[in-house]
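S.K.: Attaching a single structure in structure tokens format; questions to follow.
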Amino acid sequence: MDALAFFLAQHARLHAADVAEERSLAERVFGGLTDEQLRLRPVKGSNSLAWLLWHMARTEDAAINAVVANRRQVLDEGWAERLRVPRRDIGTGMTEEEVVDLSARIDPSAVKAYRSAVGRRTREVVVALPAAAWEEIVGQADVERAVAQGAFEPAAGWVAQLWQGSSRAMRLGATAITHSAMHLGEAITIRGQAGLPVGL
């Protein structure tokens, strides 16, 4: 299995089934829940499942489209209005009050659809990326595109620094696979705390 096939297989498991024809862990974690359950924050200081879907999608959208591919973000195709979220950042560094507000206002169906749209775009970007580009180093100018598009609030400036200096392949894997996998684990914990364990 080459790097592209490996990426696509792992990425598919972390997104809804409408992103790729693969068995999806994300479907098990986020599927079968009501809007109210997706908005739940069972422990003070925790995120809601709806917030996690939004954050994973925003991070992947900004990192892959603005930084790796120098393309327009999926968010800019009318999604901000559909989501009912008037912010462009990726959510890192949000206060408790901001997480509560976003969880209450966001449209759960829209955020699922947005995350799927981001996932499909990522797969388009990766398939079209020339082999030599995988080894190119993400530089300051690449990250400045995301900064200029409002991806980072002041408390998240460290993320802009973190995204520089590694290869495009590393940024793809770290954002679209590792970051999403980490938050899927968080989502499983939140479901357990809410008495909604993930089935086998």
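The values are calculated or read from the model by the stated rules, or taken from the named source; none is laboratory data. Computed from a prediction, not measured in an experiment: that's the story for all the values here. Because the Cβ atoms are built from the backbone with ideal geometry, glycine has one as well, and the counts that use them run over all protein chains shown.
S.K.: Take the conditions in contact with a Pro (Cβ under 8 Å, 6 or more places away or on another chain), within 24 Å of E97 (Cβ to Cβ), in contact (Cβ under 8 Å) with a residue 24 or more places away in the chain and among the charged types (D, E, K, R) and apply them to R82. Does it pass?
M.R.: no
S.K.: Follow-up question, since we're still on this one. If you scan the stretch 1-12, which residues turn out to be surrounded by fewer than 19 Cβ atoms within 10 Å (Cβ to Cβ) and not aliphatic (A, V, I, L, M)?
M.R.: D2, F6, Q10
S.K.: Just for the stretch 86-111: of the residues that are in a loop (DSSP other than H, G, I, E, B) and of a type in the set (K, R), which one is nearest to the chain's Cα centre (by Cα)?
M.R.: The qualifying residue nearest to the chain's Cα centre (by Cα) is R88.
S.K.: Looking at F7, F30 in this structure, which one is under 30 Å from P130 (Cβ atoms), in contact (Cβ under 8 Å) with a residue 12 or more places away in the chain and of a type in the set (F, W, Y)?
M.R.: F7
S.K.: Looking at G45, G32, G93, which one is on the phi > 0 side of the Ramachandran plot and touching an Asp or Glu at 6+ places or on another chain (Cβ under 6 Å)?
M.R.: Going through G45, G32, G93 in turn, just one is on the phi > 0 side of the Ramachandran plot and touching an Asp or Glu at 6+ places or on another chain (Cβ under 6 Å): G93.
S.K.: Here's a follow-up. Report, ordered by the first and then the second residue, all pairs with beta carbons closer than 7 Å, sequence separation of six or more or different chains, a first member in the stretch 108-119 that is at pLDDT below 95, and a second member that is crowded, with 20+ Cβ neighbours inside 10 Å and in a helix (DSSP H, G or I).
M.R.: none
Quick grid of which residues meet (1) touching a helix residue (DSSP H, G or I) at 6+ places or on another chain (Cβ under 9 Å); (2) among the small types (G, A, S):
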{"residue": "P154", "(1), (2)": "no, no"}
{"residue": "Q164", "(1), (2)": "yes, no"}
{"residue": "S167", "(1), (2)": "yes, yes"}
{"residue": "L172", "(1), (2)": "yes, no"}
{"residue": "T175", "(1), (2)": "yes, no"}
{"residue": "E186", "(1), (2)": "yes, no"}
{"residue": "T189", "(1), (2)": "no, no"}
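S.K.: Which of the helices (runs of 4 or more DSSP H) found entirely inside the stretch 120-200 contain at least 3 residues meeting this: out of contact with any Lys or Arg (no Cβ under 7 Å at 6 or more places or on another chain) and under 19 Å from D76 (Cβ atoms)? Explain how you work it out, then say what you get.
M.R.: Details: elements: 140-148, 157-162, 168-173, 180-193.
The helices (runs of 4 or more DSSP H) meeting that bar are 140-148.
Residues checked against (1) charged (D, E, K, R); (2) under 19 Å from A5 (Cβ atoms); (3) touching a strand residue (DSSP E or B) at 6+ places or on another chain (Cβ under 9 Å):
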residue: T122; (1), (2), (3): no, yes, no
residue: P130; (1), (2), (3): no, yes, no
residue: Q140; (1), (2), (3): no, no, no
residue: Q149; (1), (2), (3): no, no, no
residue: E153; (1), (2), (3): yes, no, no
residue: R168; (1), (2), (3): yes, yes, yes
residue: S180; (1), (2), (3): no, yes, no
residue: E186; (1), (2), (3): yes, no, no
residue: G192; (1), (2), (3): no, no, no
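S.K.: Can you tell me which residue within the stretch 40-80, out of those that are among the acidic types (D, E) and buried (at least 23 other Cβ atoms within 10 Å of the Cβ), is farthest from the chain's Cα centre (by Cα)?
M.R.: D61
S.K.: Same structure, new question: Among the candidates T92, T178, T122, which residue alone is modelled with pLDDT of 95 or more and surrounded by fewer than 16 Cβ atoms within 10 Å (Cβ to Cβ)?
M.R.: On the way: T92 fails: surrounded by fewer than 16 Cβ atoms within 10 Å (Cβ to Cβ); T122 fails: surrounded by fewer than 16 Cβ atoms within 10 Å (Cβ to Cβ).
When all the criteria are applied, what remains is T178.
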